[in-house]
Amino acid sequence: MLSKKLSASLIFLLLIIFTASSSYAAKKVEKVDPALKAWYHETEAQNREGDQSLKLRITYYSNEYIDNLITTEAEKNLWTADETENFKYTFLKNLNLSEAIPFHVDLYVTGTPMYAGPFDKHITMMVGGRKYQPIDYDKRFNFKILGARDGMVFFPRYDPKTGKEILAGARDVRIIFDSSISHALDGKKDILYVWDLSKDRPKIGGGKAANRLEVDRLLKRTDKLEEERKALQRQLDALNKEYEEVNTRIDELQSE
């Protein structure tokens, strides 16, 4: 199932994000490439009593963000072209962009602990007026949060009702955190973040990794087509069998 595949990818992604992005664990925002900074939003809040403070950052994994993240990792680690392509392939494969829209959430809580479970009930993606809930997320968000906590949240790439790609032709993508997620937001409105998709690149840069991913996609497609072909063949076999039985019965009745 999709959720199992995504869950298996979270450990890998967390390792990459831990080294590639700034964290509230350091209690400061590190210097970030402007191209990367353009794709995250931040909020700080404290409740009236002052006993809980929340710092929240959410990053949309846009094509530009992903390209820059890969380039940054390659330059930092002095990778060769082949090493970069191998990393890119593994990273993109684990993001599962063909089926999911990924976001990364950073939380930093001080004072009284934050209890946000079930986390998927507090976060919503909205595109073109339609709302979508996560198909998977880091389950650590469901437990007591005090200090730093970060992880991935995945939304569907295709509308479950229409089957159409959700972001195709969309002007923006929005994330809503309802105010009940934290006492620091008591008495405040839900948090709304908006990303302008017109500022993004049309697609992630090509190369060997892109070709390998396209082969993976096509192989998955052929597997699905083969399953559909077998299902249709079973239906055809059943129809042929019924057709023969009907004709046999007609012959019997006409011969009496």
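The values are calculated or read from the model by the stated rules, or taken from the named source; none is laboratory data. This is a predicted model, so every value here is computed, not measured. Here the Cβ positions follow ideal geometry from the backbone for every residue, glycine too, while neighbour counts run over all protein chains shown. Surface accessibility is based on the protein's heavy atoms, side chains included, excluding ligands, DNA and RNA. Shrake-Rupley method; radii C 1.70, N 1.55, O 1.52, S 1.80 Å.
Centre-to-centre separation between the Cα atoms of the range 209-256 and those of the range 94-137: 40 Å.
Relative to the longest principal axis of the Cα atoms of the chain, the long axis of helix 81-95 makes an angle of roughly 80 degrees.
According to the Kirkwood relation over distinct C-alpha pairs, the hydrodynamic radius of the chain is 21.0 Å. Computed from Cα positions, the angle between helix 208-255 and the longest principal axis of the chain comes to roughly 30 degrees. Pairs of Cα atoms nearer than 8 Å and 6+ residues apart set the relative contact order; for the chain it is 20 percent. The apolar share of the surface of the range 32-189, taken as the fraction of accessible area on carbon and sulfur atoms (1.4 Å probe, ligands and nucleic acids excluded), comes to 49 percent.
Using the reciprocal of the averaged 1/r over all distinct C-alpha pairs, how large is the Kirkwood radius of the range 122-250 in Å?
That comes to 19.7 Å for the range 122-250.
Each stretch of four or more DSSP H residues adds -39500 (n - 2.57); spread over every residue of the chain, this sum gives -13500 deg cm²/dmol at 222 nm. Whole-Hz Karplus values for the range 38-47 come out as 5, 10, 10, 10, 10, 9, 10, 8, 8, 6 Hz, taken residue by residue from phi with 6.51 cos²θ - 1.76 cosθ + 1.60 and θ = phi - 60°; glycine and proline positions read x. The residue 140 and residue 225 beta-carbon pair, evaluated with R₀ = 25 Å, returns a calculated FRET efficiency of approximately 0.10. Shape analysis of the range 72-141 places it in the oblate category; the axes a ≥ b ≥ c from the Cα gyration tensor give an a/c of at least 1.5, with a/b not above b/c.
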